[in-house]
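Trainee: This is the structure I have questions about; it appears just below.
The values are calculated or read from the model by the stated rules, or taken from the named source; none is laboratory data. The model shown is predicted, which means the values in this text are computed figures rather than measured ones. In this analysis, Cβ positions are derived from the backbone assuming ideal geometry, glycine residues included, and neighbour counts consider all displayed protein chains. Note: accessible area is taken over every heavy atom of the protein model, side chains too, but ligands, DNA and RNA are not part of it. Shrake-Rupley method; radii C 1.70, N 1.55, O 1.52, S 1.80 Å.
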Amino acid sequence: MDRFDDRILRELESNGRLTNVELAERIGLSTSATLRRVQELERSGVIKGYRAVLDRNKLGMGFIAYVTIGLSSHSKHAQLAFEESVRHAIEVKECHNITGVSEYLLRIETADLSAYKRFHADVLGEIPQVNAITTMVVMDNPKEAG
């Protein structure tokens, strides 16, 4: 990794749709050198992929909440069972195993508060390992990833 790789990563992180020509112009390298560097960053796993940033409100998914989950047991079995329970829940956009008072931090997206309430009761509330649920509702996004 050198300053050119750092610049490539910053540029692609802010706009993954840049053409190789545009990227090369922005970082001050030839297009062939830029392409080789990007391919190596992809091959080595530094660049894991590219994605589209969606407007959740326009998709009818305007409610976002961060939810901390406390488990009734701190065993590996309880953790794996919880993770499997939320793995396929479409409302769970992120699941992080964290330190502190709670074991997990989830990013939940639903259409509205009523849909979240149903998810809270019908999904989270039915997972046997869950001992505590704390919800923090996102009111605004003054700075977002993507």
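Trainee: Name the long-range amide H neighbours of TYR104: under 5 Å, sequence gap of 5 or more, or other chain; modelled H, no Pro or chain starts.
Mentor: Sorted by chain and number, the residues that satisfy this are ILE69, ILE98.
Trainee: Another question about this same structure. Probe of 1.4 angstrom, ligands and nucleic acids ignored: what's the accessible area per residue over the chain, in square angstrom?
Mentor: Counting only protein heavy atoms, the per-residue value for the chain is 68 Å².
Trainee: Which shape class, rounded, prolate or oblate, goes with region 1-55 when its Cα gyration tensor gives a ≥ b ≥ c as root eigenvalues, a/c under 1.5 marks rounded, and past that a/b bigger than b/c marks prolate?
Mentor: In terms of gyration-tensor shape, oblate.
Trainee: Here's something else I'd like to know. Between TYR50 and ILE90, what length in nm is gained on full extension when 0.36 nm per residue of separation is reduced by their alpha carbon distance?
Mentor: Length gained, TYR50 through ILE90: 12.4 nm.
Trainee: In nanometres, what is the gap between the two model label sites at LEU9 and SER32, each 7 Å from Cα along Cα-to-Cβ?
Mentor: Taking the two extended label points, one gets 2.7 nm.
Trainee: Which longest run of the chain has no exposed loop site in it, a site being trypsin sites (Lys or Arg not before Pro) in a DSSP loop with at most 12 other beta carbons within 10 Å, and the site itself not part of the run?
Mentor: 59-142
Trainee: First compute the accessible area of the chain with a 1.4 Å probe, then give the percent of it belonging to carbon and sulfur atoms.
Mentor: Taking all protein chains in place, the chain shows 51 percent carbon and sulfur surface.
Trainee: I would also like to ask the following. Largest first, please: the extent of the C-alpha atoms of region 24-75 along each principal axis, to the nearest Å.
Mentor: Principal-axis extents of the Cα atoms in region 24-75, largest first: 55, 38, 15 Å.
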